[in-house]
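One structure is given here, and the rest of the page talks about it.
Here, each number is a calculation from the coordinates, and none is a lab measurement. This is a predicted model, so every value here is computed, not measured.
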């Protein structure tokens with residue numbers, strides 16, 4: 001009897017989640033298991049037709065408008081179901097992955113566990129939050145980025161980019177493990193009133209450790 005499983009790759013931005021998702025899908029394909037790879041079309045930072053990691057690794061993907069679109073394209077007979085950034089879909093995606101695993105398939109998801117307010121990411125329909133994937137998973141990996149907060153003479157520098165007038169000014173990157181992500185708007189920490197979903201790149205988000213994360 002084929003044994004199914006639900007594999008969850010969770011963590012913060014810039015932690016290598018998409019890279020790990022692509023690596024796992026490729027490994028299953030090497031063993032002869034075909035795959036179907038989805039991502040919400042809202043995540044178009046690099047390409048609408050590929051899952052792309054921040055380090056440039058890419059793989060062909062089916063971009064979907066919403067969960068209904070994904071469900072219509074989903075083929076239960078394909079052994080490996082992979083979904084990148086499912087937190088942008090309805091919570092029913094959790095149930096679909098569970099059902100796929102129950103039928104003996106492999107479901108793999110790569111998701112942001114928490115939002116910029118350090119709260120579990122809520123799915124669009126409010127049915128679950130991202131922690132529901134953790135509860136149902138057979139395998140969980142939590143990937144952390146490196147805190148990029150800049151410090152000068154022991155003091156944190158606010159914002160993502162800081163210019164120095166003096167060439168002698170010492171500066172360094174924190175470098176601790178980052179378990180949170182900070183959102184910045186116009187170089188300042190975003191207000192708690194800013195929208196939950198705001199897809200961006202390094203100029204809009206930055207990985208932060210507990211010390212340098214500004215809590216809401």
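Brief remarks follow.
- For region 5-143, the spread of Cα positions along each principal axis, largest first, Å: 41, 33, 27
- Each part gets one Cα centre, and for region 136-151 versus region 82-129 those centres are 17 Å apart.
- Over region 5-143, relative contact order from alpha-carbon pairs under 8 Å, at least 6 apart, %: 36 percent
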